[in-house]
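Worksheet: the structure to be examined is printed underneath.
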Amino acid sequence: MRVRAIAATLGALGVVLGLLATGPAATAGISPLPLSESVSSPLLADCSSITGNGRGYARLHDIALCGADTIPPDQPLRVEAVGGEECGSATLTLTSRGGGLATVAWRVASTSGPILDVELDAWLAGRAGGSMRRFSVREPSLHATGSSVALLGTGAATATLSGTVETFTATCRIAPASVRLHLR
């Protein structure tokens, strides 16, 4: 009986060693799951939010937003663009940290002057439930960033970003941005 157990163990060990010896060659066609996914989305300007100071800034810096750079101050700005004209971009990244942990990170960049205020909501959902992270940044810059860690559980997870970005020229909202990732 003892000889059979030893023979079975040695046989299993031989199979494992054989698989390890051919591992990379045998799995070359299989791509691993990504550890991170990102999506970019435009910031859309609310043309009615452009003030007289915003118009002056747009003219001074040649920012073609809602016609603020060329339309005379006594005439209304263009507001016919559905959803608004682009005034920057937002990037949302979801990263698997292992053990069902995920990092959600965001970055906004303005093409309509310095960012004065950022008010964002990141909705996170996974096997272990969901949560919402609120980000508020009031530090003037051309780029604003933030991140948070959440326990979402292993398996499929989703992050969605929404909110507004106030620039020196206009108030912009984030076009819907959502990313999905398999957490380890």
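Report, by residue number, each residue of region 76-103 that is in contact with a Cys (Cβ under 6 Å, 6 or more places away or on another chain) and assigned to a loop (DSSP other than H, G, I, E, B).
Leu77, Arg78, Val79, Glu85
Among Thr154, Thr171, which is the only one that is under 25 Å from Tyr57 (Cβ atoms), of a type in the set (Ser, Thr, Tyr) and open to solvent by 20 Å² or more (accessible area, probe 1.4 Å)?
Values: Thr154 fails: under 25 Å from Tyr57 (Cβ atoms).
Thr171 is the lone residue from the list that is under 25 Å from Tyr57 (Cβ atoms), of a type in the set (Ser, Thr, Tyr) and open to solvent by 20 Å² or more (accessible area, probe 1.4 Å).
Name the one entry in Trp123, Trp106 that is at pLDDT 95 or above, under 30 Å from Ser49 (Cα atoms), open to solvent by 40 Å² or more (accessible area, probe 1.4 Å) and of a type in the set (Phe, Trp, Tyr). So that I can check it myself, show each step before the final result.
Numbers: Trp106 fails: open to solvent by 40 Å² or more (accessible area, probe 1.4 Å).
It is Trp123.
If I go through region 78-103 residue by residue, how many of them are farther than 30 Å from Ala125 by Cβ and either among the acidic types (Asp, Glu) or open to solvent by less than 30 Å² (accessible area, probe 1.4 Å) (or both)?
First pass over region 78-103, keeping only residues farther than 30 Å from Ala125 by Cβ: 78-81, 85.
Narrowing further to those that are either among the acidic types (Asp, Glu) or open to solvent by less than 30 Å² (accessible area, probe 1.4 Å) (or both): 80, 85.
The total comes to 2.
The values are calculated or read from the model by the stated rules, or taken from the named source; none is laboratory data. Treat the numbers as computed from the prediction; the structure is a model and nothing was measured. Ideal geometry is used to build each Cβ from the backbone, glycine not excepted, and the neighbour counts take in all protein chains shown. To get the accessible areas, we keep the full protein, side chains included, count just its heavy atoms, and leave off ligands, DNA and RNA. Shrake-Rupley method; radii C 1.70, N 1.55, O 1.52, S 1.80 Å.
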